[in-house]
Each structure stands twice: as C-alpha cells, then as structure tokens.
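Dropping the structure in here first, questions after.
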Amino acid sequence: MNVDAGPESVPRFAAPAATLDAFLAGIGTRAFRFAESGLRSRDDALDAVQDAMMKMLAYRERPATEWTPLFWSILRSRIIDTQRRRTFRLRWLPFDGSARNGDDREDPIDWADDGPDPARTHDGREAYGKFAVALQSLPRRQREAFSLRVLEELDVADTARAMGCSEGSVKTHLSRARNALQKQLEDWR
Amino acid sequence: MSTLHSDDTLHSHDNFDRAMRDQYRDALQHVSPATRTRLAANRHAAMRGESMPARGWPLGAVFGGLAAVVFAITLGLNFNPGLNGEGGARPGAVVAVAVAASDLPLVTALDQDPEFYAWLTSSDAQLMAME
C-alpha cells in the first residue's frame with residue numbers, strides 16, 4: 001500500500017496556504033475524491049469541484065485558516081445541488097440521456113494504472129473500490145462526517161462548521177458511520 | 001473494567017481509522033493524469049472567474065427547445081385555417097376586428113357631433129348617396 005504522504009495527503013498538519021491558488025491546488029484531488037464518493041460520476045465530481053473553487057474566490061480575502069471548512073462546506077452544497085438536479089432530470093426529463101440512468105449510473109473509480117507493479121496497482125484499486133462502495137452506501141451525513149473527520153482529519157469544530165451542524169451531531173454521525181463501515185469491512189478491523 | 005473496554009474500543013477505532021486513511025491516501029496518489037489535468041484546468045479557469053464549457057444538454061437548453069417547439073406549433077395553427085375548426089377565428093376576421101377596434105374613438109366622436117346628423121339630412125348627403 002502506498003502511504004507516501006504528499007503535500008495533498010496531510011491536510012491537518014500543513015501550514016495554511018499562502019495564496020488561494022496554492023490552497024486550491026493542494027486540495028484539488030482530495031476534493032475530487034470526496035465529490036466522487038458522493039456523486040459516483042467523474043464528470044459530475046469535476047464540475048462540483050470547479051464550482052466550489054469558483055465560489056471560493058468570494059472568500060479570498062478571508063483568513064487562510066478559514067478556507068478549509070469554508071471550502072468543504074461549499075463543496076458539500078454543490079454535491080447536494082447536483083444530486084437534486086439529477087433527481088429532477090430523472091423525474092421530469094426521461095428523454096435526457098444524461099439522466100436516463102439516474103442514481104444507478106456509476107462510473108468506475110478513477111484510478112491511474114501506471115504503477116511499476118501492475119499486481120500491486122490492481123490490489124490497491126480493488127481495496128479502495130471496496131472501501132468506496134462501503135462509504136457510498138452510508139447515509140449522506142454519515143459519509144460526510146467520516147470523510148471530513150477521519151479521512152481529511154479536520155477537527156470536530158471544523159467538521160461541524162463544514163457540515164453546518166453541531167459538534168454533537170458530528171460525533172453521532174461519525175460513530176454510526178464507523179460502526180457501519182466496520183461491519184462491512186471486517187478485514188480492516 | 002469498563003475503562004479497559006473503552007480503551008480497547010478506542011484502540012480498535014484508531015486502527016480502523018488509520019487503515020481507512022491509508023486507503024484514502026493511496027487513492028489520492030492514484031488519481032489519473034487525465035483527471036489531474038482537468039482539475040488543474042478547472043482551477044485555473046476558476047481563478048480567472050471563468051467557467052468551463054457545459055457538458056451534455058443543460059437544463060436551460062432543454063426548456064428553450066421545448067418553448068421553441070410550442071411557439072412553432074402555435075404559429076403553425078394560426079396560419080393554417082383548416083386546423084382551426086368552425087369555432088376558430090380567421091386571420092381576416094382578426095384583422096377586421098383589430099381595425100374596427102382602432103377606429104372606435106373616431107366613431108364615438110361622430111356619434112357625439114350634432115352637425116354630422118344635420119349634414120346627413122341635407123341634400124348634399126342624398127346626392128352623395130345617389131352617386
């Protein structure tokens with residue numbers, strides 16, 4: 001398993017970015033994975049990330065320490081909007097090809113097959129695929145709490161700010177998410 | 001005893017969380033070059049305040065298309081007398097009604113002019129009627 005901690009994989013301990021551009025460059029792939037697990041579509045995930053980045057321009061004058069919870073909060077909203085639009089298209093515009101399969105449409109996980117060891121790459125993809133399926137099966141709030149608190153390592157206060165709820169709710173959602181995931185992913189307990 | 005159980009649970013959670021985080025970091029390292037390129041392009045566009053071209057059929061285009069179809073059908077019905085049925089108004093009748101409506105102030109003015117009625121009874125009016 002590749003656990004190399006690049007600059008984009010250790011968000012919690014990194015110093016605040018000097019510029020908004022640097023902040024967005026560092027958070028891009030993590031935002032994509034977050035959106036991908038919520039939308040199950042590569043293109044929709046990329047669109048949601050870009051929308052969130054554009055909306056962040058309005059907050060460029062805010063202190064850099066506030067950017068992280070702000071960005072995740074905006075991205076969450078964009079993902080929810082996309083899901084609602086998809087449901088609307090499915091209900092009212094059955095002839096729209098992009099909505100024909102609705103929530104059943106799932107792109108395969110975006111994964112680069114360019115590693116030196118194909119077997120290891122395949123194993124990594126399969127392992128993350130199981131994890132992603134388990135994560136996608138969670139209710140939205142539980143998925144968000146687990147992704148932001150555990151995977152993104154936001155503290156409880158920032159997670160609550162990003163999710164627009166109380167810290168107590170974050171703990172409740174996280175506990176339920178962890179229990180559900182542990183049942184589905186016995187191998188990693 | 002309960003403290004020990006709680007510690008075990010916390011330890012178990014820590015291990016589980018760490019394993020999930022490792023999976024996630026591995027996935028971050030394996031985002032495809034094509035997606036990274038699009039993310040970078042989207043970021044540059046966002047920093048310039050531009051949006052990338054929309055994919056597929058946006059909702060606005062769909063509704064615009066529907067509105068155009070409805071307008072075309074309505075226009076076709078108006079210009080095809082055969083499709084209007086007995087109760088439908090002919091275009092000519094519509095024009096006549098429109099002209100009559102536009103003449104209404106003049107007619108009203110004549111109605112209220114006593115000299116007009118006096119002229120009607122004059123010989124000039126009778127000569128004009130005979131011509």
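The values are calculated or read from the model by the stated rules, or taken from the named source; none is laboratory data. Since we're looking at a predicted model, the values are computed, not measured. A quick note on method: Cβ atoms are made from the backbone with ideal geometry, for glycine too, and the neighbour counts reach across all protein chains shown.
Kindly indicate which of A:178, A:149 is under 15 Å from residue A:30 (Cα atoms), basic (Lys, Arg) and in contact with an Asp or Glu (Cβ under 9 Å, 6 or more places away or on another chain).
Numbers: A:178 fails: under 15 Å from residue A:30 (Cα atoms).
Answer to the selection: A:149.
Tally time: how many residues in segment B:1-35 are within 7 Å of chain A (Cβ to nearest Cβ) and either part of a helix (DSSP H, G or I) or modelled with pLDDT under 90 (or both)?
Start the filter on segment B:1-35 by keeping residues that are within 7 Å of chain A (Cβ to nearest Cβ), which leaves B:12-13, B:16-17, B:19-33, B:35.
Right, trim to either part of a helix (DSSP H, G or I) or modelled with pLDDT under 90 (or both) and you get B:12-13, B:16-17, B:19-29, B:33, B:35.
The number of residues fulfilling the criteria is 17.
To continue, here is another question. For segment A:32-76, which positions are farther than 19 Å from residue A:109 by Cα, under 12 Å from the mean Cα position of the chain (by Cα) and not hydrophobic (A, V, I, L, M, F, W, C)?
A:73, A:76
Which ones in segment A:138-162 are of a type in the set (A, V, I, L, M) and outside any loop (DSSP other than H, G, I, E, B)? Quick ask: steps written out before the conclusion?
Filtering segment A:138-162 down to residues of a type in the set (A, V, I, L, M) leaves A:138, A:145, A:148, A:150-151, A:154, A:156-157, A:160, A:162.
Answer for segment A:138-162, where residues must be of a type in the set (A, V, I, L, M) and outside any loop (DSSP other than H, G, I, E, B): A:145, A:148, A:150, A:151, A:156, A:157, A:160, A:162.
Further question on the same structure: If I ask for residues that are modelled with pLDDT of 85 or more and within 10 Å of chain B (Cβ to nearest Cβ), which ones from segment A:91-122 would you list?
Hits for segment A:91-122 are A:109, A:110, A:111, A:112.
Okay, next question. Does residue A:65 qualify as being surrounded by fewer than 17 Cβ atoms within 10 Å (Cβ to Cβ) and within 23 Å of residue B:25 (Cα to Cα)? Lay out the reasoning, then the answer.
Details: surrounded by fewer than 17 Cβ atoms within 10 Å (Cβ to Cβ): yes; within 23 Å of residue B:25 (Cα to Cα): yes.
When the stated conditions are applied, residue A:65 passes them.
Each row is one residue, and each column tells you yes or no for (1) more than 17 Å from residue B:40 (Cβ to Cβ); (2) modelled with pLDDT of 65 or more; (3) acidic (Asp, Glu); (4) outside the structural domain of residue A:137 (by TED's automatic domain parsing).
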{"position": "A:7", "(1), (2), (3), (4)": "no, no, no, yes"}
{"position": "A:17", "(1), (2), (3), (4)": "no, yes, no, yes"}
{"position": "A:24", "(1), (2), (3), (4)": "no, yes, no, yes"}
{"position": "A:27", "(1), (2), (3), (4)": "no, yes, no, yes"}
{"position": "A:31", "(1), (2), (3), (4)": "no, yes, no, yes"}
{"position": "A:40", "(1), (2), (3), (4)": "yes, yes, no, yes"}
{"position": "A:43", "(1), (2), (3), (4)": "no, yes, yes, yes"}
{"position": "A:50", "(1), (2), (3), (4)": "no, yes, no, yes"}
{"position": "A:55", "(1), (2), (3), (4)": "yes, yes, no, yes"}
